[in-house]
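For reference, the structure discussed in these notes is given below.
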Amino acid sequence: MKIIQDTREQKGWDFIFAEDLEIVRGTLKYGDYTTKLLENKFIVERKASTGELYNNLATKKCKERFYRELTELEKFEKAYIVCEFPEGYLSDFPKNSGIPQDKIKKLKIGAKYFCRLVKELESKFDIDLVFCNDRYEAEAFVYNIAKTLEGKLTL
């Protein structure tokens, strides 16, 4: 299987557990990951932390840009936002967010409103929002779903 990783992806997944996988760097118009066989059908947007998700939702300008991207992701048969953190981290925000301590006091929204924005995102878009315990579990989820979807093509 060939996974395409967007060239703008920083600190991307390496899927070191998968011997049958090759990572190909390429420019994706939307999202962070797809596969060579599913390029127009399957897309993954990766979120490494609640801080990254917060940055997509915290201001009107960022939220509008993120929503435009999600509107494009909805056009794929299978679209996912895969989070490298458990859902419980949303209600604990900004704890475990990766946001530097000196910037936490300047945050525009708190945990309660942040949770509401994420719930709004889930109800507004036909995109699966998947919470994983950590980076490794997120990689494994994407690998397994991609493998399953590619397997359906070859049947």
Open item on the list: Take residue 62 and tell me if it is touching a Leu at 6+ places or on another chain (Cβ under 9 Å) and at negative phi.
Closed with: no
Task: Failed item in (1) assigned to a helix (DSSP H, G or I); (2) of a type in the set (Phe, Trp, Tyr); (3) open to solvent by less than 40 Å² (accessible area, probe 1.4 Å), with residue 80 passing the rest - done: (1)
- [ ] Starting from region 99-126, keep only residues that are free of Cβ contacts under 8 Å to residues at least 24 places away in the same chain, then list their pairs with residues that are open to solvent by 100 Å² or more (accessible area, probe 1.4 Å) and assigned to a loop (DSSP other than H, G, I, E, B) whose Cβ atoms are within a distance under 9 Å, requiring at least 6 positions of separation or different chains.
- [x] 111/95
Open item on the list: Please determine whether any residue of region 4-21 is of a type in the set (Ser, Thr, Tyr), under 28 Å from residue 94 (Cα atoms) and either at pLDDT 95 or above or out of contact with any Ser or Thr (no Cβ under 7 Å at 6 or more places or on another chain) (or both).
Closed with: no
Task: Hey, residue 127 modelled with pLDDT of 95 or more and either out of contact with any Cys (no Cβ under 7 Å at 6 or more places or on another chain) or of a type in the set (Val, Ile, Thr) (or both) or not - done: yes
- [ ] For region 31-47, enumerate the residues that are open to solvent by 10 Å² or more (accessible area, probe 1.4 Å) and polar (S, T, N, Q).
- [x] 40
- [ ] Report yes if residue 85 is surrounded by 19 or more Cβ atoms within 10 Å (Cβ to Cβ) and assigned to a helix (DSSP H, G or I), otherwise no.
- [x] no
TODO: Could you look through region 135-149, keep only residues that are closer than 15 Å to residue 12 by Cβ and of a type in the set (D, E, K, R), and pick out the one that is most open to solvent (accessible area, probe 1.4 Å)?
DONE: 135
TODO: Scan region 6-27 for residues that are surrounded by 18 or more Cβ atoms within 10 Å (Cβ to Cβ), part of a loop (DSSP other than H, G, I, E, B) and within 15 Å of the chain's Cα centre (by Cα) and jot them down.
DONE: 12, 13
Open item on the list: Can you tell me which residue is modelled with the lowest pLDDT among those in region 98-108 that are open to solvent by 100 Å² or more (accessible area, probe 1.4 Å) and outside any helix (DSSP H, G or I)?
Closed with: 108
Task: Members of region 48-60 that are open to solvent by less than 10 Å² (accessible area, probe 1.4 Å) and more than 13 Å from the chain's Cα centre (by Cα) - done: 57
TODO: Restrict the check to region 109-123 and report whether at least one residue is surrounded by 16 or more Cβ atoms within 10 Å (Cβ to Cβ), of a type outside the set (S, T, N, Q), closer than 23 Å to residue 7 by Cα and within 15 Å of the chain's Cα centre (by Cα).
DONE: no
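The values are calculated or read from the model by the stated rules, or taken from the named source; none is laboratory data. All values reported here derive from a predicted model rather than from experimental measurement. Counting neighbours? That spans all protein chains shown, and the Cβs are built from the backbone with ideal geometry, glycine included. Calculation scope for accessible area: heavy atoms of the full protein, side chains included, ligands and nucleic acids excluded. Shrake-Rupley method; radii C 1.70, N 1.55, O 1.52, S 1.80 Å.
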